[in-house]
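Here's the structure we're looking at; comments come further down.
What follows draws every value from the coordinates through simple rules; no lab data is involved. Everything numeric in this text was worked out from a predicted model, so none of it was measured. Ideal geometry is used to build each Cβ from the backbone, glycine not excepted, and the neighbour counts take in all protein chains shown.
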Amino acid sequence: MDLKEFFQQNPRAALGFSGGVDSAFLLAMAVKYKAQIQPYFIKTAFQPEFELNDARKLTRQLGVKLIVIRHDILSNRQVAENPENRCYYCKKNIFGLLKENALKDGYTVLLDGTNASDDSSDRPGMQAIRELQVRSPLRECGLTKDEIRRLSREEGLFTWNKPSYACLATRIPAGTVLTKPELQKIEKAEDELFRLGFTDFRIRLFHGAARIQLPADQMSKMTEMRDEIHRLLKPCFKAVLLDLETRQSF
């Protein structure tokens, strides 16, 4: 089965939309194949503002209305306590809310952007998706991340080379309680690095310090801009550290 066949069989659906590479491509293909699809963006303290901006930009490009639902995810104690399987409780909460709103709007089929490259065997978040009977058309059609980027470029989607971006909660070690001020601090620090031209990096909380993880080709730039970066980030953290184990680019 390919996406055209999928949307012929499922011509009306709701989409959990993140503004990332996968869900952007899935939405574009739904539009291309004339499906009636409604994207929903659940905005929580875990999603930085630029992700919502990208989601709005993409839906405008495609001529689709975006429904934004703002939600206090930290009011869920099982999520805020940040256990090892936090993603299970988070996805169950987020997609449960999405499903509730989609049903009210008349959508009985719920989609997400999981692709064929994603390892779903033991990921807690994927367990929650399965329990809620969310369909993953990209996975079902065997589309890998590399293929989705290539096809997105051919479709003229600005998201085709967008680096993967995990939610802000992943920056904080499991077992450390998640709070809005800590998440905002990390988001602000990452915004500063984005502004300086860094991409595809992470700032992780490490005993109160900011531990910066960069792709190998940006290490020299970090060294050159060390003083400015330290000045910008030090007010928010006990220390600013550079992880010498480089990140793999997308």
Output ³J(HN,Hα) for the stretch 105-111: one whole-Hz value per residue in order, computed from phi by the Karplus curve 6.51 cos²θ - 1.76 cosθ + 1.60 with θ = phi - 60°, and x for Gly and Pro.
8, x, 9, 9, 9, 10, 10
Quickly estimate the mean residue ellipticity at 222 nm for the chain, helices only: each DSSP H run with n ≥ 4 gives -39500 (n - 2.57), and the total goes over all residues, rounded to 500.
-12500 deg cm²/dmol
Which residues' amide hydrogens lie under 5 Å from the amide hydrogen of Ile42, considering only partners 5 or more residues apart or on another chain, with H built in the peptide plane?
Phe17, Ile69
Interchain or long-range residues, amide H under 5 Å from Arg247's placed H:
Leu214, Ala216
Global geometry of the chain, whether rounded, prolate or oblate, following the gyration tensor of its Cα atoms and the 1.5 cut on a/c
prolate
Which of rounded, prolate or oblate describes the stretch 59-182 when judged by the alpha-carbon gyration tensor and an a/c cut-off of 1.5?
prolate
Which of the lysines could be linked to Lys104 by a straight reach, that is with a Cα gap under 25 Å, when you skip same-chain ones fewer than 8 residues away?
Lys34, Lys43, Lys65, Lys91, Lys92
Listed highest first by mean packing, meaning other Cβ atoms within 10 Å per residue, what order do 95-101, 175-181 come in?
95-101, 175-181
